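Following: one structure in structure tokens, then a few remarks.
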Amino acid sequence: MADYVAAIDQGTTSTRFMIFDHGGNEVGRHQLEHEQIMPKAGWVEHSPVEIWERTRSVIATAMNQHHLAASDLAALGITNQRETTLVWNRRTGRPYYNAIVWQDTRTDRIASALEREGKGEVIRAKAGLPPATYFAAGKVQWILENVDGVRADAERGDALFGTMDTWVLWNLTGGPRGGVHITDVTNASRTMLMDLRTLAWDDELLSFFSIPRAMLPEIKPSSEPAGYGLSPDVSPLAGVPISGILGDQQAATVGQVCFAEGEAKNTYGTGNFLLLNTGNRPVRSQHGLLTTVAYQFAGQDPVYALEGSIAVTGSAVQWLRDQLHIIGDAAASETLARRVEDSAGVYFVPAFSGLFAPYWRSDARGAIVGLARFHNDAHIARATLEAICYQSRDVVEAMAKDSGVDLAVLKVDGGVTANSLCMQTQADVLGVPVIRPQVAETTALGAAYAAGLAVGFWRDTDELRANWNQAHRWDPEWDEDRRESGYADWKRAVERTLDWVKVD
Ligand SMILES: Nc1ncnc2c1ncn2[C@@H]1O[C@H](COP(=O)(O)OP(=O)(O)O)[C@@H](O)[C@H]1O
Ligand SMILES: O=P(O)(O)OC[C@H](O)CO
């Protein structure tokens with residue numbers, strides 16, 4: 001059998017192709033960023049054509065750089081930024097409009113109308129999600145209502161809806177010449193259109209958004225033993241089965257080997273996403289968390305998770321770099337923040353896209369509070385890192401209330417975990433140790449695991465567990481008084497951001 005398994009990770013800021021060996025070690029990678037298109041405040045778009053080109057390019061470059069051929073790969077997995085939505089023409093392969101990104105808030109009126117019309121409760125009960133701009137269905141509705149010709153094409157079955165997994169897979173399998181139009185249960189669970197118990201598109205939910213069924217992909221498990229075939233004219237990987245598909249946060253859950261009920265991970269990327277495995281039953285949150293499918297391996301029952309999604313964490317660091325210009329790169333946030341002992345009473349609530357979990361307030365906007373003339377850029381940098389940690393505490397508290405699980409340690413991964421000060425602060429703010437595995441790219445690894453399990457490259461999840469090794473551990477240092485007074489002030493700061501924009 002071939003020695004490696006690879007994964008495409010189509011993320012919010014970049015697309016990467018990663019190759020792993022049987023021990024779960026990285027063998028090679030290539031990564032390219034794509035443009036963040038922001039035509040108006042609150043709007044965020046990506047060019048699907050650029051993303052598809054970048055996908056082809058990262059595959060070809062990584063394979064060439066590491067002198068690998070398709071025959072070296074046993075399987076390929078796909079993982080993706082979730083909820084980001086596009087609609088394209090089946091015959092031409094051309095998108096009707098840019099992809100509308102998960103952070104985009106243009107559908108706030110659609111979301112608030114659902115609540116006003118009493119449909120919110122049905123969506124919560126069936127899809128496990130609160131009506132919010134975050135999820136895909138409102139974005140599809142917006143495209144159907146605002147882009148000429150899409151609705152008629154959608155009703156005829158010529159206009160196809162997909163999240164990034166679907167778009168990338170459709171193109172890899174031939175595009176207009178017979179591309180496979182599917183998604184997996186984890187991505188479908190982020191649309192507001194799938195019933196979590198039947199794992200099928202739901203007619204009542206479709207009717208809330210006036211979405212024609214003909215435009216929807218078929219829902220599949222997260223792993224597919226037969227795999228989907230790559231088209232030889234689009235990729236050097238022809239012959240390698242695509243046998244795993246998972247949304248990126250679910251993939252990180254698999255990569256962090258959270259296979260038992262009660263196991264959790266927190267990923268720190270553009271946003272933060274804490275997922276707790278709740279076993280084979282969907283748990284309804286009473287505290288602002290989402291119910292979502294964690295994964296479904298072929299022939300097995302689905303495994304569900306409670307999720308705390310935070311919209312802005314690593315992207316607040318990017319904001320310091322790109323908009324305030326107080327740091328040159330993300331890593332400099334640590335150097336700058338270390339120039340001061342603490343944030344000296346400054347709190348930064350980066351509610352750029354409203355607030356996600358556990359608040360779900362699209363009327364919130366960002367604020368920096370507690371400023372005096374004394375404060376400088378280092379205090380702002382420190383407050384930014386603290387905000388990442390306090391937002392995570394908000395979801396950890398909600399998780400404990402919903403599930404009764406008090407985390408003894410927090411398993412972390414993602415770009416921000418390179419910031420040791422931030423991880424130390426996370427341990428301090430939570431009062432539990434924070435641990436990071438040796439392979440920090442758990443998202444791509446999880447997609448590779450799903451693909452490799454499907455084709456027998458890995459025998460079972462026990463074999464994957466043996467691959468997990470701790471690389472770093474941060475233990476709490478703050479005393480209880482500092483921890484609790486800091487958190488109480490954070491909650492006061494959050495209050496200041498609410499009810500800032502008028503949605504209706
Ligand atoms: N040393 C660092 N300190 C703080 N933030 C960082 C650091 N390195 C990267 N980041 C942040 O991590 C994010 C990228 O992480 P990544 O896991 O690649 O995200 P994504 O998968 O969302 O694209 C960026 O938002 C960046 O600002
Ligand atoms: O691409 P990331 O890592 O920012 O993840 C985005 C999430 O999937 C959004 O739900």
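Odds and ends about this structure:
- With respect to the stated conditions, SER343 fails to be within 14 Å of ligand 2 (Cβ to nearest atom), surrounded by 17 or more Cβ atoms within 10 Å (Cβ to Cβ) and over 30 Å from ALA260 (Cβ atoms).
- Within the range 238-356, helices (runs of 4 or more DSSP H) holding 2 or more residues that are out of contact with any strand residue (DSSP E or B) (no Cβ under 9 Å at 6 or more places or on another chain): 314-322, 332-337
- Pair list, Cβ < 7 Å and 6+ apart or interchain, from the range 280-292 residues that are on the phi > 0 side of the Ramachandran plot to residues that are of a type outside the set (Asp, Glu): GLY288/ALA357; GLY288/PRO358; GLY288/TYR359; GLY288/TRP360; GLY288/ALA398
- For the range 167-213, residues that are under 18 Å from ALA226 (Cβ atoms) and polar (S, T, N, Q) total 2.
- Hits in the range 311-338 - residues which are open to solvent by 30 Å² or more (accessible area, probe 1.4 Å), near ligand 1 (Cβ under 6 Å from one of its atoms) and closer than 13 Å to ALA378 by Cβ: GLU334
- Count of the range 259-289 residues, restricted to those that are within 27 Å of ALA330 (Cβ to Cβ) and within 16 Å of ligand 2 (Cβ to nearest atom), is 11.
- When THR461 is tested against (1) surrounded by fewer than 20 Cβ atoms within 10 Å (Cβ to Cβ); (2) touching a Phe, Trp or Tyr at 6+ places or on another chain (Cβ under 6 Å); (3) more than 29 Å from LEU246 (Cβ to Cβ), only condition (3) is not met.
- Number of the condition not met by VAL412 [criteria: (1) of a type outside the set (Phe, Trp, Tyr); (2) open to solvent by 40 Å² or more (accessible area, probe 1.4 Å); (3) within 16 Å of ligand 1 (Cβ to nearest atom)]: (2)
Results for (1) part of a helix (DSSP H, G or I); (2) under 21 Å from the mean Cα position of the chain (by Cα), shown as yes or no for each residue.
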| residue | (1), (2) |
| --- | --- |
| GLN141 | yes, no |
| LEU160 | no, no |
| THR183 | no, yes |
| THR191 | no, yes |
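- Among residues that are at pLDDT 95 or above, among the β-branched types (Val, Ile, Thr) and either under 30 Å from VAL5 (Cα atoms) or open to solvent by 40 Å² or more (accessible area, probe 1.4 Å) (or both), VAL150 is not included.
The values are calculated or read from the model by the stated rules, or taken from the named source; none is laboratory data. Just so you know, these numbers come straight off a predicted model, no measurement behind them. Positions of Cβ are backbone-derived with ideal geometry, glycine not excepted, and every protein chain shown enters the neighbour counts. Remember, those area values only see protein heavy atoms, side chains included, never the ligands or the DNA or RNA. Shrake-Rupley method; radii C 1.70, N 1.55, O 1.52, S 1.80 Å.
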